[in-house]
Amino acid sequence: MDYAALDTKAQEILRGNDRGTYTVPTFGLYPYQWNWDSAFAAWGFSTFDVDRAWVEIETLFSGQWPNGMVPHILFHQDDPGYYPGPDVWATEGKGPIPSSGITQPAVAATFARKTWERNKGKGEAHVRALFPMMKAWHAWFMAWRAVDGAIVVTHPWEAGRDNCADWDSAMAMIEPSGVGEYTRRDTSHVDASMRPTKADYDRYIWLVQRGRRLGWDDAAMAEDRPFAVADPTLTFILMRANRDLAHIAEALGEDRSEIDSWTRTLENGAETLRNPDTGVFDAINLRSGEHTGHVTSASFLCWYARLDDPRMGAELAKSFASCRYPVPSLALSSPDFDGMRYWRGPTWAIMNAMIAMGLKDMGYENEATHLRSATRDLIAEHGFAEYFHPDNGQPAGGGTFTWTAAVWLAWASPNAEGF
Ligand code: DGY
């Protein structure tokens, strides 16, 4: 395998998706700046153009709302190829540039720290300027999304795992009446069998319409939430990001105590995500109070949050044994598994990178190495797709994907420095 050629190809993908000050996830399907995609893009850029990496994160925070929220999409320009665009979100007056009204997993502080580690001297000015913005975003999460210490998803897009099985019971409780006619654009770029269903989309849009009706006001939206799921993705990722932000605070000579107190709150909250019947971390539908019972790739982010857990170790071994290219976004043993449909089974390189980062940090060297080599083979054999079938590696979703290329450059490539 010509790994050097793949390194070059990955750099070309990042350059090709670069729109000057931000990177699109992929041409066509996702024509704007997405929040967590951008943080991964910065990690990728940091391997060959660290100045461009800082620009990526700084552009992301240029869209931060005064309340601290960092939107999940920044609409830097119009593009008729995407739905729902800025006219549907209607967030005018809420933030400095047109955006969506929800956020996404808080990976930015973690990858700002990683970028700084590659750019020790010059990076300090960038981190110093970003620090209060990152802290304000984390504070917003703690104020508006922490319920019993776990972080709650109020729209499936907010966790990034749009159609995962963890949302099924909560989505079924929504009656999307009055949603009206709309034209999806995603299925003109990607085969519909790889995307969420119409029933999912009706609810996605219905939830956007609710936010718009409430003027995207945090307090109003927190009342009688029609969709509220305590989620391992948002919880574990924010826990990790708080630890990285506290590390940054200390390195800058700033006070870290408030950030540490958030981490303690989330440590307690994370325990609530442990399913009492299975011992596995899953999600809780807060409207019914029930655990969702699904083993997903997000369950395995516990180590990334620095929670050690032998029971999860046993579950990870099962997941590794279940397919050629772990970690599936939903266990293959689940009746809801669908190996090509977005978050209902496919393997995602970014999840693998975060899971492996956690495993390595916690001393599980063998597992981290296994995941790295499986991800390397997956990308080397099947390309830089958005996601892949966990058993046969068939590429799915968007092609020439920014975060898959970024993960290759920063971690999966044999030439990568790794963590
Ligand atoms: C989409 O449009 O599919 C995105 O995942 C929303 O963030």
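The values are calculated or read from the model by the stated rules, or taken from the named source; none is laboratory data. Fair warning: this is a prediction, and the values are worked out from it, not measured in the lab. Every residue, glycine among them, receives a Cβ derived from its backbone with ideal geometry; neighbour counts consider all protein chains shown. SASA here: full protein model, heavy atoms, side chains in, ligands and nucleic acids out. Shrake-Rupley method; radii C 1.70, N 1.55, O 1.52, S 1.80 Å.
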Point to revise | Extension gain from Asn366 to Leu214, taking 0.36 nm per residue of separation minus the Cα-Cα distance | key: 49.8 nm
Study note, to complete from the structure: Toy charge model, Lys and Arg Cβ at +1, Asp and Glu Cβ at -1: the chain dipole around Cα centroid in debye, rounded to 20, equals 320 debye
Exercise for review: Could you please state how large a percent of the accessible area of the stretch 282-419 is carbon and sulfur, counting protein chains only and using a 1.4 Å probe?
Suggested key: 45 percent
Check your understanding: Cα-based count: Lys pairs in the chain below 29 Å, eight or more positions apart or different chains?
Key -> 14
Check your understanding: In Å², what does the accessible area per residue of the chain work out to with a 1.4 Å probe?
Key -> 35 Å²
Check your understanding: Farthest toward the dipole's positive end in the chain, which of Gly253, Asn163, Ile174, given Cβ charges of +1 (Lys, Arg) and -1 (Asp, Glu) about the Cα centre?
Key -> Gly253
Review point. When the Karplus curve 6.51 cos²θ - 1.76 cosθ + 1.60 is applied with θ = phi - 60°, which whole-Hz ³J(HN,Hα) does each residue of the stretch 366-383 get, with x for Gly and Pro?
Key: 5, 5, 5, 5, 4, 5, 5, 6, 5, 5, 4, 4, 4, 6, 5, 8, 10, x
Exercise for review: Please arrange Ile237, Ile97 by accessible surface area, largest first, computed with a 1.4 Å probe and ligands excluded.
Suggested key: Ile97, Ile237
Check your understanding: In the full protein assembly as shown, how much of Met221 is accessible to a 1.4 Å probe, in Å² to the nearest 10?
Key -> 30 Å²
Study note, to complete from the structure: Expected unfolding gain across Glu175-Arg306 under the 0.36 nm per residue rule, minus the alpha-carbon gap, is 43.3 nm
**Study point:** Using θ = phi - 60° and Karplus 6.51 cos²θ - 1.76 cosθ + 1.60, couplings along the stretch 292-303 (whole Hz; Gly, Pro as x)
**Key:** 7, x, 9, 8, 10, 5, 5, 4, 8, 7, 4, 5
Practice item. On the full set of protein chains, 1.4 Å probe, figure out the accessible area of Leu409 and give it in Å² to the nearest 10. Key: 20 Å²
Review point. Considering only the other residues whose Cβ falls under 10 Å of the Cβ of Asp244, what net charge follows from Lys and Arg at +1 and Asp and Glu at -1?
Key: +4
Exercise for review: Any chance you could run the full-extension gain for Ala199 through Ala317? It's 0.36 nm times the residue separation minus the Cα-Cα distance, nm to one decimal.
Suggested key: 39.1 nm
Revision key, fill the gap. With x for Gly and Pro, the residue-by-residue ³J(HN,Hα) of the stretch 25-30, computed from phi through the Karplus equation 6.51 cos²θ - 1.76 cosθ + 1.60 at θ = phi - 60° and given in whole Hz, is x, 6, 5, x, 5, 10
Check your understanding: Can you list residues whose amide H is under 5 Å from Ser99's amide H, if they're 5+ apart or on another chain and H is modeled 1.01 Å from N?
Key -> Phe75, Thr91
Check your understanding: Please identify the trypsin sites (Lys or Arg not before Pro) of the stretch 113-147 that satisfy two criteria: DSSP loop assignment and at most 10 other Cβ atoms within 10 Å. Which are they?
Key -> none
Study note, to complete from the structure: Loop-resident GluC sites (Glu not before Pro) in the stretch 1-93 with no more than 13 other Cβ atoms inside 10 Å, DSSP not H/G/I/E/B, are Glu92
